[in-house]
Amino acid sequence: MSFNFGISTNAMFGAGQLLNLHTQLNAPMGAVQGKKALVVISNGKSTRSNGYLERLEDELAQAGVEYVIFDKISANPTKPIVEEGGRFAKENGCDFIVALGGGSVIDASKAIGIMATNPSNDLWDYVMFGTGKGQWPPVPSLPIVAITTTAGTGSETDAGAVITNPATEEKTGVFGTGTMPVLAIIDPELMLSVPAKFKAYQGFDALFHSTEGFISNKRNEMSKMVASEAIRNVSGNLAAAIREPENVEAMGKVAFGSYLSGIQMCVGSCTSAHPLEHALSAYHENLPHGAGLIMISKAFYRFFINKHICDDCFIEMAKLMGMSSANQPEDFITALEQLQTDCGVADLKMSDYGITPDEFEKMAQNAKDTLGVNFENDPCMLSNADCVAIYQESYK
């Protein structure tokens, strides 16, 4: 038994927890100290129209914290925007960042936090993969408070950010000292208003963080424990959370699963499914990450099932997903197909997002170039031809 557990984020979980944020700001035993915050939100309307920003502003006022707002984050955050956010934080003398939104906002905030404190104005100087210059950021990021309004990425409790570089068509991981949020607020009341299809995309992202971890060759007893509960909670409650938009209990269980999946990524790992999807949405920015993962999921897992190299893992996951009588690895695919049908995402098509089969070879190479480290976690190594075959089997 061997693992490295280093999850330092103070997590406040439960309905209504946003209203306790002020107790953690500038209090003697609070998680965050600072007089001025950079509030990072998306470039959409929901954060304001649902009243979440107003609630946050009231919490900051109670704690005597000044703030400025940066509201330019898109669904797939890009290098130029996070560099702009870093300059904005510097110009305004911000002491810490409050990320209010989904995984894209939280990921962007981590990259902004790096750019706000470090000497280079080029984020790619601090990227370790692909065309990145491979320099570890010499100065820790600004402290980050992550208030997640979605249940999917687990970014509120891990140190990584996924950023797209439009100039090089790379979508890859960004890391640095201090990018693990110091405080996470996971309040399922903030997730109820998410449209059904996006709840599904986000929920499957959370699920796959743990199903990937479950078959990873880096799996350990700690990662297996958290992944098991993540799979059970997400798969058992996602359809209800979608079907019943006001069901805060179901939403809370999906959020709990997503949070655990974030921990799984810290103590275990993801596999090549994530870079394979990142390549899809690197070239087609309108493709939601979770939707891309759903599209390739059956072919991806079937590849390893056909190899029969971790049959017991797939049988156990099928049982965690509610198939108590599961006795063969193919039962996992059956459970996965049923969940996708129940959540209304069984018929997603790559072609609807402009993806064409002639792109698959460059996408396979892109996936390996940008996050080849994830391929090293697979139960067996995928060749470029294997990656192309997974894309081809998934295409419709």
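Being in a helix (DSSP H, G or I), within 23 Å of the chain's Cα centre (by Cα) and closer than 26 Å to Gln202 by Cβ is a property that Asn366 has. Residues that are in a helix (DSSP H, G or I), under 30 Å from Gln392 (Cβ atoms), open to solvent by 10 Å² or more (accessible area, probe 1.4 Å) and touching an Asp or Glu at 6+ places or on another chain (Cβ under 8 Å) do not occur anywhere in region 246-262. Open to solvent by less than 50 Å² (accessible area, probe 1.4 Å), without any contact (Cβ under 8 Å) to a residue 24 or more places away in the chain and assigned to a helix (DSSP H, G or I): does that describe Asp331? Yes: the conditions hold for Asp331. Residue count for region 47-94 under the criterion of being under 20 Å from Lys110 (Cβ atoms) and charged (D, E, K, R): the result is 8. When Thr172, Thr179, Thr168, Thr211 are checked against the criterion of being touching a residue at least 24 places away in the same chain (Cβ under 8 Å) and open to solvent by 20 Å² or more (accessible area, probe 1.4 Å), a single residue qualifies: Thr168. Summed over region 270-299, the residues that are in a loop (DSSP other than H, G, I, E, B) and either open to solvent by less than 10 Å² (accessible area, probe 1.4 Å) or under 18 Å from Asp352 (Cβ atoms) (or both) give a count of 7. From the list Arg232, Arg302, the one residue that fits, being open to solvent by 10 Å² or more (accessible area, probe 1.4 Å), farther than 17 Å from Thr153 by Cα and not hydrophobic (A, V, I, L, M, F, W, C), is Arg302. Only one entry in Ser228, Ser193 is polar (S, T, N, Q), in a loop (DSSP other than H, G, I, E, B) and touching a residue at least 12 places away in the same chain (Cβ under 8 Å), namely Ser193.
Being assigned to a helix (DSSP H, G or I) and either surrounded by 15 or more Cβ atoms within 10 Å (Cβ to Cβ) or polar (S, T, N, Q) (or both) is the filter here; which residues of region 336-361 pass it? Explain how you work it out, then say what you get.
So the first thing to find is which residues in region 336-361 are assigned to a helix (DSSP H, G or I), and the list is 336-342, 350-353, 357-361.
Leu336, Gln338, Leu339, Gln340, Thr341, Asp342, Met350, Ser351, Tyr353, Glu359, Phe360 - these are the residues of region 336-361 that are assigned to a helix (DSSP H, G or I) and either surrounded by 15 or more Cβ atoms within 10 Å (Cβ to Cβ) or polar (S, T, N, Q) (or both).
Condition check: more than 27 Å from Glu249 (Cβ to Cβ) and open to solvent by 20 Å² or more (accessible area, probe 1.4 Å). Does Asp71 satisfy that? Yes. Quick check on region 86-102: of everything there that is open to solvent by 10 Å² or more (accessible area, probe 1.4 Å) and among the small types (Gly, Ala, Ser), which residue is nearest to the chain's Cα centre (by Cα)? Step by step, filter region 86-102, then rank; the result is Gly102. Tell me, please, whether a residue that is open to solvent by 80 Å² or more (accessible area, probe 1.4 Å), touching a Cys at 6+ places or on another chain (Cβ under 9 Å), in contact (Cβ under 8 Å) with a residue 40 or more places away in the chain and not β-branched (Val, Ile, Thr) can be found in region 307-315. Yes, region 307-315 contains a residue that is open to solvent by 80 Å² or more (accessible area, probe 1.4 Å), touching a Cys at 6+ places or on another chain (Cβ under 9 Å), in contact (Cβ under 8 Å) with a residue 40 or more places away in the chain and not β-branched (Val, Ile, Thr).
From the residues in region 182-198 that are among the charged types (D, E, K, R) and surrounded by fewer than 23 Cβ atoms within 10 Å (Cβ to Cβ), which one is farthest from the chain's Cα centre (by Cα)?
Taking region 182-198 first, the residues among the charged types (D, E, K, R) are 187, 189, 197.
Going one step further and asking which of them are surrounded by fewer than 23 Cβ atoms within 10 Å (Cβ to Cβ), we end up with 189, 197.
Numbers: Glu189: 19, Lys197: 17 Å.
By that ranking, first place goes to Glu189.
Among the residues that make up region 111-129, is at least one of them of a type in the set (Ser, Thr, Tyr), more than 12 Å from Gly85 (Cβ to Cβ), assigned to a loop (DSSP other than H, G, I, E, B) and open to solvent by less than 40 Å² (accessible area, probe 1.4 Å)? Checking region 111-129: at least one residue is of a type in the set (Ser, Thr, Tyr), more than 12 Å from Gly85 (Cβ to Cβ), assigned to a loop (DSSP other than H, G, I, E, B) and open to solvent by less than 40 Å² (accessible area, probe 1.4 Å).
For Ala389, the criteria (1) of a type in the set (Gly, Ala, Ser); (2) over 18 Å from Thr211 (Cα atoms); (3) under 25 Å from the mean Cα position of the chain (by Cα) hold in every case but one, which is (3).
Filter region 130-148 down to residues that are aliphatic (A, V, I, L, M) and part of a loop (DSSP other than H, G, I, E, B) and give me whichever is most open to solvent (accessible area, probe 1.4 Å).
Result: Val139.
For region 19-31, check the following and say yes or no: at least one residue is within 13 Å of Glu59 (Cα to Cα) and touching a helix residue (DSSP H, G or I) at 6+ places or on another chain (Cβ under 6 Å). Within region 19-31, one or more residues are within 13 Å of Glu59 (Cα to Cα) and touching a helix residue (DSSP H, G or I) at 6+ places or on another chain (Cβ under 6 Å).
Among the residues making up region 149-165, those that are closer than 20 Å to Gly6 by Cα and either surrounded by fewer than 22 Cβ atoms within 10 Å (Cβ to Cβ) or not β-branched (Val, Ile, Thr) (or both) are Gly154, Ser155, Glu156, Asp158, Ala159, Gly160, Ala161.
The values are calculated or read from the model by the stated rules, or taken from the named source; none is laboratory data. Here the structure is a predicted model, which means the values were calculated and not measured. Neighbour counts run over all protein chains shown; Cβ positions are idealised from the backbone, glycine included. In case anyone asks, the SASA skips ligands and DNA or RNA and just uses the protein heavy atoms, side chains included. Shrake-Rupley method; radii C 1.70, N 1.55, O 1.52, S 1.80 Å.
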